[in-house]
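Take a look at the structure below.
The values are calculated or read from the model by the stated rules, or taken from the named source; none is laboratory data. Computed from a predicted structure; not experimentally measured. Because the Cβ atoms are built from the backbone with ideal geometry, glycine has one as well, and the counts that use them run over all protein chains shown. Each accessible area value is taken on the protein alone, full model and side chains, heavy atoms only, with ligands, DNA and RNA left out. Shrake-Rupley method; radii C 1.70, N 1.55, O 1.52, S 1.80 Å.
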Amino acid sequence: MAKQKKQPRPKAETPKGFRDYFGTEVTERADMLAKIAEVYRTHGFEALETSAIETVEALGKYLPDVDRPNAGVFAWQEEDDGKWLALRYDMTAPLARVAAQYRNDLPTPYRRFTMGPVWRNEKPGPGRFRQFYQCDADTVGAPSVAADAEICGMLSDALEAVGIPRGDYVVRVNNRKVLNGVMEVAGVLDPADPTKFEEERGIVLRAIDKFDKFGEEGVRLLMGEGRLDDSGDFTKGAGLSEAQADTVMGFMEAKRKDNATTVARLRELVEGSALGAEGVDELEQIASLLDAQGYGPDRIVIDPSVVRGLGYYTGPVFEAELTFEITDEKGRPRQFGSVAGGGRYDDLVKRFTGQVVPATGVSIGVDRLLAALRAKGRIGGSAQGPVVVTVMDRDRMAEYMALASTLRGAGLRAEVYLGNPKNFGNQLKYADKRESPVAIIQGSDEAERGVVQIKDLILGAKIAQDATVEEWKSQPAQFEVPTAEMVAKVQEILARYEAE
């Protein structure tokens, strides 16, 4: 009889494109999302939590026309009814489905916010993961640009609420109608036949979107015959004439010192296009509404360089950009860049209902915003662990748990050491790994005398590192107090380190 092969042990590793989050990272994210949620609630938005799984019909715009729709999403086919299901790709498609499914029950307009992970079946790379968090707020059923203005103001409030000070960010606003009006003036858009020049228009839009990367010269090449990059790869251009490219570049360079003069310049550029004029009017209204609420150009500006979403948005678009510099992995200074974006998308719910339903919203890139807060020093220190109650006598476990319960009753994080208590040094090593500020020690002798030993672990580490013998003697890290004073002494220690 052949000997059976031993089953190999599974390899302990995260799948490619995914990562694990520990302690401080999870806490920092939860705290940040709670602050954003409070801003959204203050503006009257309601929380919504949808399933992580949707039908591929709801996510159809991300799927190719193939037998197995798996490009862009993680999808599988049900055995009983043959339906394809997928992990949600973003938070907007589920909202569109909810707005259509519950349209008779939801208020109109419907204002909701949602937070949670999304999944994308894309090639992972440095800083690019297949699972990440999104934090969205949307208004469905409001055709007025007042809804867009509200979203922009709310985004500004959210950034300040989490610790991005005024002056370190700007919310930039544009309108796709204005851009289309410029395209019409440049002869790249025919209102009578929107499909005409579609390829050329797509190239122009992508070129505009890369203005920060390629600069004016690179964008002009892409609008013309094409661009050859440093690696020798050639990107086909839109084939625009120099005059046409001048018109589009005039739009890109239309930003002025204030919103009023920017709007005036845009009105000049779209002269002759009814759609463009409508877009300029909407930008003017948004600027006026924001100004009335105190959102001046130090927070929100009209900026024609914002493109966002080639085929997704139908009107106003906006993007939150952080303006401070950070140092990259090679030590070079660079702007932090965008952390949020959104706009008006009046056609998405139409996929379900056949009727145009106005909608506008914003999505905050949670991981990028967390990275920004760390770069600013707003978060990122090591999180303080719990007070650890050590175990000197196994038979007195109930009393140790009572000590921990007393600390928790006063609002302090506390736990009892539950490992093998035989080696006391290992208990202190455990407390160090937990980044605990304080350890509580009580043997049978201390219990009989009604006292506990309090060990200041932070001070102890400092003394061990750089204090003189005299300093060590004058500032002992461990001292004895009556059990009744334990909570007050621990609070005193923690307050001292919080104030530093």
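For the range 99-134, the set of residues classified as touching a strand residue (DSSP E or B) at 6+ places or on another chain (Cβ under 9 Å), in a strand (DSSP E or B) and not aromatic (Phe, Trp, Tyr) consists of Arg111, Arg112, Thr114, Met115, Gly116, Pro117, Val118, Asn121, Gln131, Gln134, listed by residue number.
Scanning the range 273-322 for residues that are closer than 17 Å to Glu150 by Cα, buried (at least 16 other Cβ atoms within 10 Å of the Cβ) and among the polar types (S, T, N, Q) yields a total of 1. Selection of strands (runs of 3 or more DSSP E) fully inside the range 313-401 by the criterion of at least 1 residues being modelled with pLDDT under 95 returns 316-327, 333-344, 359-365.
Given the criteria at negative phi, free of Cβ contacts under 8 Å to residues at least 40 places away in the same chain and more than 27 Å from the chain's Cα centre (by Cα), does Val389 qualify? Spelling it out, it is not the case that Val389 is at negative phi, free of Cβ contacts under 8 Å to residues at least 40 places away in the same chain and more than 27 Å from the chain's Cα centre (by Cα).
Does Glu54 satisfy the criteria of being of a type in the set (Asp, Glu) and either modelled with pLDDT under 90 or surrounded by 16 or more Cβ atoms within 10 Å (Cβ to Cβ) (or both)? In short, yes.
In the range 255-271, the residue that is farthest from Leu179 (Cα to Cα) out of those that are among the β-branched types (Val, Ile, Thr) and assigned to a helix (DSSP H, G or I) is Thr261. Scanning the range 9-23 for residues that are open to solvent by less than 100 Å² (accessible area, probe 1.4 Å) and either farther than 29 Å from Ile379 by Cβ or not in a loop (DSSP other than H, G, I, E, B) (or both) turns up just one, Gly23. Would you confirm whether any residue within the range 327-335 is closer than 27 Å to Asp258 by Cα and either open to solvent by 30 Å² or more (accessible area, probe 1.4 Å) or more than 17 Å from the chain's Cα centre (by Cα) (or both)? Scanning the range 327-335 turns up at least one residue that is closer than 27 Å to Asp258 by Cα and either open to solvent by 30 Å² or more (accessible area, probe 1.4 Å) or more than 17 Å from the chain's Cα centre (by Cα) (or both). Taking the range 428-500 and the strands (runs of 3 or more DSSP E) fully enclosed by it, the elements with 3 or more residues that are at pLDDT 95 or above and open to solvent by less than 30 Å² (accessible area, probe 1.4 Å) are at 438-441, 451-456. Inspection of the range 132-143 identifies at least one residue that is of a type in the set (Asp, Glu) and within 12 Å of Ile364 (Cα to Cα).
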